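Every number in this text was worked out from the coordinates using simple rules, so none of it is lab data. Keep in mind it's a predicted model, so treat the numbers as computed, not measured. When we count neighbours, we look across all protein chains shown, and the Cβ atoms used for this are built from the backbone with ideal geometry, even at glycine.
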Amino acid sequence: MSITLALSSGLRTWLADGVQQNLSSSLMIDALIARQFDPQIAAHLVQAFFNARAADQPLPEHVVCLDVAAPEYRYETPRIASGNIIRAGDREIRVLQRLQRPIVVTLAGVLSDGECEHLIELATSRLRRSTVTDPRTGTTVAADYRNSHGTFFRLRENPFIAQLDERISALMNCPLENGEGLQVLRYGPGGQVRPHFDFLVPSNSTNAESIARSGQRLSTLIVYLNDVLEGGETVFPEIGLSVVARRGNALYFEYTNSRMQTDLKSAHAGAPVGKGEKWIVTKWMRTQRFVPAPAA
């Protein structure tokens with residue numbers, strides 16, 4: 001069994017410099033372990049760079065494949081605040097439910113009715129068929145597992161969006177600049193999204209380069225912008241959890257820890273909309289400042 005590990009520019013430079021300076025591999029491994037790397041992964045990662053140099057091959061750039069089984073995901077203290085009420089900038093938000101494995105929190109009143117309506121109004125004229133990154137090629141394609149229309153807002157695009165960005169960043173307990181722009185999605189009757197992960201799998205150059213620019217995704221917040229008449233629940237198939245869409249309420253979950261492990265229990269889906277339509281807005285947080293891909 002093997003895993004594919006994304007290399008940040010800083011980590012790649014550190015490993016390359018160590019190899020070029022012919023540093024002791026054991027010292028480099030110890031340094032990675034001190035930075036919370038799994039010992040087995042640290043050893044294989046350092047060895048991969050030394051092996052490439054010994055074979056007179058280019059050193060790994062954005063990703064490296066390691067012949068090692070992924071260690072079991074280690075749960076840590078959630079980033080989101082504890083307690084039954086969370087102070088998020090300009091609003092106090094009530095906690096409805098918490099799960100520990102995976103880390104999932106349902107929340108009430110993240111957005112007001114008026115804010116939900118205004119966000120839908122702003123997004124409606126900008127909606128386009130939703131696309132995803134093909135995991136094999138890295139190209140942007142229409143998704144066969146997600147039939148929706150959506151749009152992105154830039155960080156702090158206008159005063160209203162800035163207010164939401166600031167509130168949500170405070171709620172997710174991450175720097176505002178680490179957040180991707182708000183994404184609004186609309187699902188019509190029958191609209192759904194099949195089980196997937198929100199963390200980025202570095203199986204193609206697009207995802208690998210995104211991780212190198214901005215770090216891995218850490219957590220997600222989904223805010224429901226309307227009451228769905230029937231269906232449209234957010235489902236976690238690994239744990240049997242189903243969250244009903246209620247206007248202004250939100251679903252928060254984490255899937256990347258400080259060791260950069262990703263939680264496979266965080267797989268989730270959007271059940272088909274039975275009646276009416278479903279509107280949501282999503283925020284993804286990264287491990288470092290989010291830098292969009294360069295314009296084509």
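For GLY274, the amide hydrogen comes within under 5 Å of the amide hydrogens of GLY190, GLU230, GLY231, GLY232, counting only partners 5 or more places away or on other chains and with H modelled in the peptide plane. Between GLU121 and ARG91, the modelled label-to-label distance comes to 1.7 nm, taking each label 7 Å out from Cα in the direction of the beta carbon. Taking other Cβ atoms within 10 Å as a rough exposure proxy, SER242, SER125 sort from fewest to most as SER125, SER242. Note on ASP113 and ASN158: the extension gain reaches 14.3 nm, defined as 0.36 nm multiplied by sequence separation minus the Cα-Cα distance. Each Lys and Arg contributes +1 and each Asp and Glu -1, all at the Cβ; summed about the Cα centre of the chain, the dipole is approximately 280 debye.
Amide H contacts of ALA88 (H built 1.01 Å from N, in plane; Pro and chain starts excluded): ILE93 sit under 5 Å, all sequence-distant by 5 or more or on other chains.
Backbone phi angles across region 89-98, fed through the Karplus curve with coefficients 6.51, -1.76 and 1.60 (θ = phi - 60°), yield HN-Hα couplings of x, 8, 8, 9, 10, 7, 8, 9, 6, 10 Hz in residue order; Gly and Pro are listed as x.
So for ILE85, ILE161, fewest C-beta neighbours within 10 Å to most, what's the order?
Values: ILE85 10, ILE161 17.
With the sparsest Cβ surroundings first, the list reads ILE85, ILE161.
Listed values for region 53-69 are Karplus-derived 3J(HN,Hα) couplings in whole Hz (6.51 cos²θ - 1.76 cosθ + 1.60, θ = phi - 60°), namely 5, 5, 8, 6, 10, x, 5, x, 9, 9, 9, 9, 8, 10, 7, 8, 6, and x replaces Gly and Pro.
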